[in-house]
Every structure is written in C-alpha cells, then in structure tokens.
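Quick notes on the structure that follows.
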Amino acid sequence: MVGRWLLSAIWVVSMSGNARTGCFDDWFCVSTAPQTGVLRVYLTRPHPVVVSVYSDAITPSPYTVALTSTTPHIIGKLAQPETFWSDMRKKWTGGKQHAQHDDTVIYGWPLQPVGQYPIVQGVNGRFSHQGASRYAFDFAAPPGTFVFAARSGVVIDLQQHFSQGGPHRRYAPYANYISILHDDGTTGEYYHLQPHSSTVAIGETVNKGQHIGATGNTGFTSLPHLHFAVYTAQAEGRYTSVPIRFAQP
C-alpha cells in the first residue's frame, strides 16, 4: 500500500484577529479561536477520518482524534498559539478508527472475467505485501482493463491525475486510486489506476460489481496491475489490512 496519507498537505489558511484556520485539502481543518486559544479539529465533508496532530504546544503530542461528523472536536487551549502554528504537523487516514471487519462478507472479484487476470502477488507477498499490506492482492492486467467494486460502499477519496510509475518507492506518491468506505467502517482500496479513468465521484454510493475505473501502471509498481485490499484506519497516519474472502470462481 502506498503512503497516500503521508503526502504533503495543501493548506488554505485564513486569519481573523487572533483566529487562524488551516485546512487539509477538503478533508478536515484545524483552527485556533481568538483570545481563548481554543484548538479545534473538524471535518469539512461527512466522511470519517482519523487525524493525528503533532506540536510541542500540545499535550499529548501527537493528539489523535477520530472524526465522524462535522461537529468540531476541541483538543484544548493553547497558551502560545503561534508556537503551535510554527511547528504543527499532521497525519491522517480515511475511514473509521479500529473498524471491525464483517467477516461474513464475500467479496466480488475486482477484475472480470475471473481467472483471466492472475494474482501476481498475494497475502504475505515478498515484494511489498508485508506489515500493513499483508492481506493485499495484486492482479496483473493490461492498462485500461475495467475495475469493478468488490463490495458496496461510498467513495470517500480518489486520485486520477497522475501518470508516473516505476519499480521504486519514490513513485509511491503518484499512484491513482479509489477508496470506498464500507458499512463496517473499513475501506476498499483500488490502486495503480489509469489516469482519468474513474467513473465515480467522491460522495457517490457504488454497488458491488459496478464499474468504477480502469487498471494502469501508476505509483510504485513493476508492471501494470491492480492492487486491491481492505484496510482499517489507525492513529498517526497508519493503516492495516484485513483478511477477506472472495466469491468462488
């Protein structure tokens, strides 16, 4: 799994008096209130995310909060807000923290017809399926092969503008992907997609078996393929894959 959660933030910063707000893309914002120095973190769209904020001005650091609604979460009060803003860092992972996977779910095959696209790296694969991505699957497929949702859910994130890829980890930030939130709080992740191939949008509900995009060769990859796995969100930008079962061919 590539580290999309650790990409550099794009901040839209606003200031009013002593107030200050910084927003990460369109996921969440961090703000300090004027005079009181109250520090808040809040969602800017209704998709769950686990956020860890780092700064010498807060205790504990990092401070982790699982955001599931747009209601602001108060971290505390800052004696020196400028210190916070000068050294503040954050890591985040989309999905619900420590979600419990529904093991009764049978997943559809993301590439069709079944058997035409071989699994070139599976569970505990030596190339990259260790640790957090232990339970991932890589399906070899020519670029442009249709990708289908393996399970129903809501699209909470996607990237389709990158065109770079190669067999080195420096390419990891350039993977195109679609992230689908399942009803148990886990996310289905479809990676290395062809540029501009997504047929869905953030916030859209998709059904199992629905066409959502096409395979490509973007990001950290040694050959054109689809990386698919189901993950649960953890603190400090981490994640972990979970074992799943596919339908019988």
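The values are calculated or read from the model by the stated rules, or taken from the named source; none is laboratory data. These figures come from a predicted structure and were not determined experimentally. Methodologically, a virtual Cβ is constructed for each residue, glycine included, from the backbone with ideal geometry; neighbour enumeration extends over all protein chains shown. Note: areas computed on protein heavy atoms with side chains; ligands, DNA, RNA excluded. Shrake-Rupley method; radii C 1.70, N 1.55, O 1.52, S 1.80 Å.
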What number goes with the only condition from (1) within 19 Å of Phe246 (Cβ to Cβ); (2) of a type outside the set (A, V, I, L, M, F, W, C); (3) open to solvent by 40 Å² or more (accessible area, probe 1.4 Å) that His196 does not pass?
(1)
Go over the candidates Gly203, Gly213 one by one and state the one that is open to solvent by less than 40 Å² (accessible area, probe 1.4 Å), over 12 Å from the mean Cα position of the chain (by Cα) and touching a residue at least 24 places away in the same chain (Cβ under 8 Å).
Gly213
Within the bounds of region 146-153, is there any residue that is modelled with pLDDT of 95 or more, part of a strand (DSSP E or B) and either in contact with a Leu (Cβ under 6 Å, 6 or more places away or on another chain) or of a type in the set (A, V, I, L, M) (or both)?
yes
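Among Tyr135, Tyr107, which is modelled with pLDDT under 95 and either closer than 12 Å to Phe246 by Cβ or of a type in the set (Ser, Thr, Tyr) (or both)?
Exactly one residue qualifies, and that residue is Tyr135.
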Subset of region 216-246 (residues that are polar (S, T, N, Q), out of contact with any His (no Cβ under 8 Å at 6 or more places or on another chain) and open to solvent by 40 Å² or more (accessible area, probe 1.4 Å)):
Ser222, Thr240
Taking region 49-58 only, how many residues are touching a Gly at 6+ places or on another chain (Cβ under 8 Å) and open to solvent by 10 Å² or more (accessible area, probe 1.4 Å)?
1
I need the full set of residues from region 60-95 which are open to solvent by 30 Å² or more (accessible area, probe 1.4 Å), modelled with pLDDT of 90 or more and either out of contact with any strand residue (DSSP E or B) (no Cβ under 6 Å at 6 or more places or on another chain) or at positive phi (or both), in order please.
Pro60, Thr68, Thr71
